[in-house]
Amino acid sequence: MAYRLLADLVLVVHGAFVVFVVLGGLAVLRWPRVACLHLPVVLWGAGIEFMGGLCPLTPLENHWRRLAGEQGYGGGFIEHYLLAALYPEG
């Protein structure tokens with residue numbers, strides 16, 4: 001059970017990171033000092049996406065899921081969670 005909680009925690013952190021990459025610019029408009037954090041986050045997120053890389057949080061989540069007796073997933077976080085939600089099978 002602890003492994004599943006760890007995997008779910010990584011999932012939440014990963015999701016929050018993606019949301020901050022996409023919407024963090026709105027926070028910068030309100031609080032300009034957030035730009036010091038948002039700029040590297042955007043560069044990392046864009047670099048991972050455009051270069052076809054894999055965020056280190058994805059293998060970490062899969063590792064915890066496998067230890068919990070669950071099946072991990074192939075591909076990346078966005079492909080697995082976001083694209084599946086936008087374009088469900090069937």
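The values are calculated or read from the model by the stated rules, or taken from the named source; none is laboratory data. If you're wondering where the values come from, they're calculated on a predicted model, not measured in any experiment. Counting neighbours? That spans all protein chains shown, and the Cβs are built from the backbone with ideal geometry, glycine included. In case anyone asks, the SASA skips ligands and DNA or RNA and just uses the protein heavy atoms, side chains included. Shrake-Rupley method; radii C 1.70, N 1.55, O 1.52, S 1.80 Å.
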- prompt: Quick one: with all protein chains in place, what share of the accessible area of the chain is carbon or sulfur, to the nearest percent (1.4 Å probe)?
  reply: 71 percent
- prompt: Under a 1.4 Å probe, what is the accessible area of the chain per residue, stated in Å²?
  reply: 73 Å²
- line: Quick numbers on the chain, Rg and Dmax over C-alpha atoms in Å, give 14.8, 45
statement: With only helices counted (DSSP H, runs n ≥ 4, each -39500 (n - 2.57)), the per-residue ellipticity at 222 nm for the chain, to the nearest 500, works out to -21000 deg cm²/dmol
Dipole in debye (nearest 20) - the chain, about Cα centre, beta carbon charges: Lys, Arg +1; Asp, Glu -1: 320 debye
Net lengthening on full extension, Leu23/Met51 (0.36 nm per residue, minus Cα-Cα): 8.0 nm
task: Specify whether the C-alpha gyration tensor of region 42-90 places it in the rounded, prolate or oblate class, a ≥ b ≥ c being the square roots of the eigenvalues: rounded for a/c under 1.5, otherwise prolate if a/b is larger than b/c and oblate if not.
output: oblate
- request: Have a look at Val28, Trp44, Leu9 and report the one farthest towards the positive end of the charge dipole of the chain, computed about the Cα centre with Cβ charges (Lys/Arg +1, Asp/Glu -1).
  value: Val28
Fully extended contour minus Cα-Cα distance, from Glu70 to Ala35, at 0.36 nm per residue: 8.8 nm
